[in-house]
Amino acid sequence: MTRQTLSRRSFLKSTARTAPASVLVLTLPMVLAACREAQQARLDGADFQVLSQEEAAEFDAISARIVPSDDTAGAREAGVIYFIDTVMREGRDREMQALRDGLREFQTQIALSFGAPYFHELNEAEQDTMLGQIEATPFFATVRMLTIAGLLSLPEYGGNRDFIGYQLIGYDSRAAWSAPYGFYDADYMERGE
Amino acid sequence: MAQAAISYPTRDEVDFVVVGSGASGGIVARELAAAGHSVVVLEQGPHLQAADFRHDEWAYDFNNELTWGTSKGNPQTFRKTENDVAELRETVCGYAHNVGGSSVHFSGNFWRFRPIDFMEASVRGRIPGTTFSDWPIRYEDLEPYYTRVDWEVGVSGLQGPWDPPRSREYPCPPMPVKGSDVLLERAAKQMGLTAYPAPVAILSQPHNGRPGCIHCGFCNGYGCEVDAKSSSMAAMIPQALASGNCELRTGCTVARVETDDGGRVNEVVYFDGDGVEQAQRTRAAVLCANGAETPRLLLLSESSRFPDGLANSSGKVGKNLMFNGSCSSSGLFEEPVNAWKSIPTTRVVHDYYELDPNLGFYGGGGIDGRHPSRGAPMLFGLLSGARTGTPSWGSEYKRNLAYQFSHIASFDGHTTSLPVESNNITLDPNYTDDFGRAAIRCTYMDHVDDLATMAWFLERTNELMEMAGATNIQGGYPENGQEGNVHLLGTCRMGDDPNESVVDATNRAHDVPNLFMVDGSSLVTGGRGQPTMTIMALAFRTADLINQAAQRNEI
């Protein structure tokens with residue numbers, strides 16, 4: 001895996017058309033303030049702050065196909081939609097607008113294929129077909145990034161509820177570890193190499 | 001710790017202004033202040049400390065909380081050649097804006113340069129199209145200072161079979177080996193190579209009042225939450241402040257270095273945290289701003305006396321930028337490797353430090369074991385769908401992601417870059433920052449030998465992966481040339497000839513007697529991809545020589 005093709009930088013570059021300067025630029029104090037409210041919103045089951053109910057249903061449905069719920073929990077259980085609602089808060093108008101434009105365009109495509117515009121009302125097979133058609137777009141790349149970020153960021157941002165994302169990949173968020181860390185170094189110690 | 005809160009009025013002359021508090025600036029400040037000089041350190045960023053750091057990928061990796069780019073008011077542009085118009089990029093020359101600079105979030109790989117690095121041009125001969133040169137100093141000149149870094153900053157390791165001679169053992173034993181490096185070590189052995197403990201600027205046990213590493217895994221890209229990483233922030237700045245002679249001014253962005261009628265530095269102009277222009281009067285200045293910002297500041301400091309920029313009669317300020325090359329192979333293993341725990345790497349293969357000249361190109365480097373996303377979960381999630389032939393979303397993506405995070409390891413090559421004048425830092429004619437300072441414009445295209453070296457190392461890392469028993473091996477290197485890096489080397493190079501270099505063998509500007517530069521910009525060659533140890537050793541040496549010169553009244 002090369003740094004050049006797979007680095008964060010090139011990821012951002014691939015979505016640069018969605019948000020010209022950069023995707024999702026935030027300042028920490030603003031985000032932390034938003035996080036506190038997001039945590040509260042989780043507890044209250046409150047309304048979304050940025051997303052409309054329709055947008056929330058759509059982005060939730062898209063993220064649920066990117067990381068589906070199958071034999072293990074997925075994006076939906078991890079609360080990815082709350083993460084998106086959190087990080088797209090105040091100051092994110094331009095990026096949010098790009099996402100909204102992308103969604104509207106996507107819904108137009110859906111309407112052409114299925115007669116009705118709502119992604120979340122399609123069945124899973126139909127959803128996957130539609131996503132397959134937009135896989136290479138900055139819109140999809142941005143929703144994918146937000147989905148994965150929401151799955152695997154700190155829960156204080158609204159996603160990764162109960163560390164569902166960390167559990168999925170086998171990451172244990174401890175403050176400290178001691179050797180051996182895995183199979184091969186344990187084996188190395190045992191053999192006295 | 002109790003900080004002596006000394007404060008110097010800007011209108012009063014201090015002995016030294018140090019620009020930048022990173023790998024070199026922290027050391028220079030501590031050494032000059034400890035010798036009794038009055039020192040003002042100007043740092044752009046905030047004074048974050050251990051308690052401020054968190055395992056927060058969203059903040060650090062994706063929102064550049066430490067490494068400000070264009071969107072945080074630090075615009076940079078990039079072009080491959082001098083014939084192109086440079087484009088605005090989020091980050092090109094990456095570095096951290098905080099006390100301690102990039103030494104706070106670096107990987108802490110602390111290979112010393114070897115004797116050959118200082119005289120390779122005369123051993124190998126000139127290389128057309130490059131300014132490949134010997135250093136004006138030798139390994140022996142720097143060895144005592146490498147040892148001071150080992151002991152005073154804090155390095156863990158074990159003397160390896162081909163390591164350069166050292167006057168004193170490492171203060172801390174090597175870090176416990178990781179599974180990824182067991183795989184590297186076993187594969188290396190099968191190939192007749194030797195993997196040995198990687199020297200790191202991370203404490204394996206308590207040293208100098210700081211604790212040993214707790215192997216949390218959020219290391220490269222993150223600030224250490226317990227001060228076990230030997231950053232300037234953790235190891236040097238507290239001592240500089242405790243001397244009672246050093247004032248650390250944070251949030252201060254330097255605009256110009258001013259000179260008097262005699263051509264000597266007399267004040268450093270900067271914007272304070274409120275954006276108000278200030279000027280600190282000083283008897284001398286030491287620029288430790290890094291290999292992009294130091295040349296930028298010199299170019300910004302042009303005047304009628306220094307029309308091409310301060311200390312730039314040679315025209316070499318900003319030239320000869322070197323990034324170091326890299327390659328990486330990753331593969332999957334049957335059992336959990338868990339390379340996401342602990343520090344980035346614990347073993348290094350140095351058998352290929354100097355490649356055979358008969359290959360037809362110049363190069364060399366080292367190989368170490370890593371986790372391909374530096375152990376960071378979110379970054380891995382974003383990258384893992386990018387493995388060739390695997391979907392980037394859906395059930396199969398999710399299954400792969402779940403399995404691979406703990407079962408993956410990478411072997412990375414770190415390689416040479418040749419100095420080329422057309423690789424450089426200049427002032428961008430079209431973009432400025434919030435203070436009206438011209439943006440950094442980076443022009444860079446890897447030399448053909450550097451690309452050949454990366455390609456050669458990729459073959460070796462792929463072989464090592466295969467030998468280690470990995471499946472689904474994938475690798476690459478920046479074959480179209482790098483478009484940015486965090487190693488910023490060579491842009492105010494040392495040398496004896498004032499026509500070919502910017503600073504002399506003591507890191508004093510050839511053109512300005514009371515101006516010194518020491519950071520990545522000083523390096524004549526870039527080593528094998530781990531420059532900070534050498535930058536820190538040079539900083540100790542420069543400070544030592546400045547203190548000696550000051551005693552003789554020769555600043």
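Results for (1) at pLDDT below 95; (2) touching a helix residue (DSSP H, G or I) at 6+ places or on another chain (Cβ under 8 Å); (3) surrounded by fewer than 20 Cβ atoms within 10 Å (Cβ to Cβ); (4) assigned to a loop (DSSP other than H, G, I, E, B), shown as yes or no for each residue.
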position: B:Cys224; (1), (2), (3), (4): no, yes, no, yes
position: B:Ala240; (1), (2), (3), (4): no, yes, no, no
position: B:Val257; (1), (2), (3), (4): no, yes, no, no
position: B:Gly263; (1), (2), (3), (4): no, no, yes, yes
position: B:Gln278; (1), (2), (3), (4): no, no, yes, no
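With the requirement that a residue be farther than 13 Å from B:Ala96 by Cα, in a helix (DSSP H, G or I) and out of contact with any Asp or Glu (no Cβ under 6 Å at 6 or more places or on another chain), what does the stretch B:14-31 give you? Write out each step before concluding.
Taking the stretch B:14-31 and keeping what is farther than 13 Å from B:Ala96 by Cα, we get B:14-19, B:24-31.
Narrowing the set further to residues that are in a helix (DSSP H, G or I) leaves B:24-31.
Of everything in the stretch B:14-31, those that are farther than 13 Å from B:Ala96 by Cα, in a helix (DSSP H, G or I) and out of contact with any Asp or Glu (no Cβ under 6 Å at 6 or more places or on another chain) turn out to be B:Gly25, B:Gly26, B:Ile27, B:Val28, B:Ala29, B:Arg30, B:Glu31.
Residue by residue through the stretch B:373-386, note down the ones that are part of a loop (DSSP other than H, G, I, E, B) and either not assigned by TED's automatic domain parsing to the domain that holds B:Leu464 or not polar (S, T, N, Q) (or both). Don't jump to the end; show me each part of the working.
Start the filter on the stretch B:373-386 by keeping residues that are part of a loop (DSSP other than H, G, I, E, B), which leaves B:373-376, B:385-386.
Those that are part of a loop (DSSP other than H, G, I, E, B) and either not assigned by TED's automatic domain parsing to the domain that holds B:Leu464 or not polar (S, T, N, Q) (or both): B:Arg374, B:Gly375, B:Ala376, B:Gly385, B:Ala386.
Tally time: how many residues in the stretch B:77-93 are in a loop (DSSP other than H, G, I, E, B), surrounded by 21 or more Cβ atoms within 10 Å (Cβ to Cβ) and touching a residue at least 40 places away in the same chain (Cβ under 8 Å)? Lay out the reasoning, then the answer.
Step one: filter the stretch B:77-93 for residues in a loop (DSSP other than H, G, I, E, B), giving B:80-86, B:90-92.
Keeping just the survivors that are surrounded by 21 or more Cβ atoms within 10 Å (Cβ to Cβ) gives B:86, B:90-92.
Next, only the ones that are touching a residue at least 40 places away in the same chain (Cβ under 8 Å) stay: B:86, B:91-92.
The total comes to 3.
I'd like to know if the stretch B:476-497 contains one or more residues that are among the β-branched types (Val, Ile, Thr) and out of contact with any helix residue (DSSP H, G or I) (no Cβ under 8 Å at 6 or more places or on another chain). Step through it out loud before you land on a result.
Going through the stretch B:476-497, the residues among the β-branched types (Val, Ile, Thr) turn out to be B:486, B:491.
Those left that are additionally out of contact with any helix residue (DSSP H, G or I) (no Cβ under 8 Å at 6 or more places or on another chain): none.
Within the stretch B:476-497, not a single residue is among the β-branched types (Val, Ile, Thr) and out of contact with any helix residue (DSSP H, G or I) (no Cβ under 8 Å at 6 or more places or on another chain).
Give the residue, chosen from B:Leu310, B:Leu298, that is crowded, with 24+ Cβ neighbours inside 10 Å, of a type in the set (A, V, I, L, M) and assigned to a loop (DSSP other than H, G, I, E, B). Step through it out loud before you land on a result.
Values: B:Leu298 fails: assigned to a loop (DSSP other than H, G, I, E, B).
The match here is B:Leu310.
Which residues, taken from the stretch B:490-511, are surrounded by fewer than 24 Cβ atoms within 10 Å (Cβ to Cβ) and within 18 Å of B:Glu258 (Cα to Cα)?
B:His510, B:Asp511
Against the definition (facing chain B (nearest Cβ under 7 Å) and either touching a Lys or Arg at 6+ places or on another chain (Cβ under 9 Å) or in a loop (DSSP other than H, G, I, E, B) (or both)), how does A:Ala179 come out, yes or no?
Details: facing chain B (nearest Cβ under 7 Å): yes; either touching a Lys or Arg at 6+ places or on another chain (Cβ under 9 Å) or in a loop (DSSP other than H, G, I, E, B) (or both): yes.
Spelling it out, A:Ala179 is indeed facing chain B (nearest Cβ under 7 Å) and either touching a Lys or Arg at 6+ places or on another chain (Cβ under 9 Å) or in a loop (DSSP other than H, G, I, E, B) (or both).
Mind checking which strands (runs of 3 or more DSSP E) fall wholly inside the stretch B:387-452 and carry at least 2 residues that are under 29 Å from B:Glu302 (Cβ atoms) and within 20 Å of the chain's Cα centre (by Cα)? Write out each step before concluding.
On the way: elements: B:408-415, B:424-432, B:438-443.
Result: B:424-432, B:438-443.
Which one is nearest to the other protein chains (Cβ to nearest Cβ) among residues in the stretch B:208-222 that are of a type outside the set (Ser, Thr, Tyr) and touching a helix residue (DSSP H, G or I) at 6+ places or on another chain (Cβ under 8 Å)? Steps first, answer last, please.
Applying the first criterion (of a type outside the set (Ser, Thr, Tyr)) to the stretch B:208-222 yields B:208-221.
Those still in the list that are touching a helix residue (DSSP H, G or I) at 6+ places or on another chain (Cβ under 8 Å) too: B:208, B:210, B:221.
Numbers: B:Asn208: 21, B:Arg210: 16, B:Gly221: 10 Å.
Checking each candidate, the answer is B:Gly221.
Scanning the stretch B:155-207 for residues that are of a type in the set (Val, Ile, Thr), more than 11 Å from chain A (Cβ to nearest Cβ) and assigned to a loop (DSSP other than H, G, I, E, B), which turns out farthest from B:Phe333 (Cα to Cα)? Show your work before the answer.
At the first step, the residues of the stretch B:155-207 found to be of a type in the set (Val, Ile, Thr) are B:155, B:177, B:182, B:194, B:200, B:202.
Within this subset, residues satisfying the condition of being more than 11 Å from chain A (Cβ to nearest Cβ) are B:155, B:194, B:200, B:202.
Next cut, assigned to a loop (DSSP other than H, G, I, E, B) only: B:155, B:194.
Values: B:Val155: 31, B:Thr194: 21 Å.
The extreme case among them is B:Val155.
From A:Glu58, A:Glu95, which residue is in a helix (DSSP H, G or I) and modelled with pLDDT of 95 or more? Step through it out loud before you land on a result.
Values: A:Glu95 fails: modelled with pLDDT of 95 or more.
Within the list A:Glu58, A:Glu95, the selection yields A:Glu58.
Does B:Pro9 meet the test of being free of Cβ contacts under 8 Å to residues at least 40 places away in the same chain, surrounded by fewer than 20 Cβ atoms within 10 Å (Cβ to Cβ), of a type outside the set (S, T, N, Q) and on the phi < 0 side of the Ramachandran plot? Explain how you work it out, then say what you get.
Working: free of Cβ contacts under 8 Å to residues at least 40 places away in the same chain: yes; surrounded by fewer than 20 Cβ atoms within 10 Å (Cβ to Cβ): yes; of a type outside the set (S, T, N, Q): yes; on the phi < 0 side of the Ramachandran plot: yes.
The answer is yes for B:Pro9.
Step by step: first the residues of the stretch B:35-75, then only those that are in a loop (DSSP other than H, G, I, E, B) and of a type in the set (Ser, Thr, Tyr), then the one that is nearest to B:Ala255 (Cα to Cα). Which residue is that? Show your work before the answer.
The initial filter retains those residues of the stretch B:35-75 that are in a loop (DSSP other than H, G, I, E, B), namely B:35-38, B:43-49, B:53-56, B:61-69, B:73-75.
Subset that is of a type in the set (Ser, Thr, Tyr): B:38, B:67.
Working: B:Ser38: 21, B:Thr67: 20 Å.
Here the answer is B:Thr67.
Considering each residue of the stretch A:62-91, count those that are in contact (Cβ under 8 Å) with a residue 60 or more places away in the chain and surrounded by fewer than 20 Cβ atoms within 10 Å (Cβ to Cβ), and give that number.
5
Considering (1) more than 10 Å from every other protein chain (Cβ to nearest Cβ); (2) among the basic types (Lys, Arg); (3) surrounded by fewer than 17 Cβ atoms within 10 Å (Cβ to Cβ), say which one A:Arg174 fails and leave the rest.
Looking at each condition in turn, A:Arg174 falls short on (1).
Just for the stretch A:114-160: of the residues that are polar (S, T, N, Q), within 12 Å of chain B (Cβ to nearest Cβ) and not in a helix (DSSP H, G or I), which one is nearest to B:His55 (Cα to Cα)?
Ranking the qualifying residues of the stretch A:114-160, first place goes to A:Ser153.
Can you tell me which residue within the stretch B:470-489, out of those that are more than 10 Å from every other protein chain (Cβ to nearest Cβ) and part of a loop (DSSP other than H, G, I, E, B), is surrounded by the most Cβ atoms within 10 Å (Cβ to Cβ)?
Ranking the candidates gives B:Leu488 first.
All but one of (1) surrounded by fewer than 24 Cβ atoms within 10 Å (Cβ to Cβ); (2) of a type outside the set (A, V, I, L, M, F, W, C); (3) in a loop (DSSP other than H, G, I, E, B) hold for B:Glu459; which doesn't?
(3)
The values are calculated or read from the model by the stated rules, or taken from the named source; none is laboratory data. Predicted model only: the values in this text are computed from it and were never measured. When we count neighbours, we look across all protein chains shown, and the Cβ atoms used for this are built from the backbone with ideal geometry, even at glycine.
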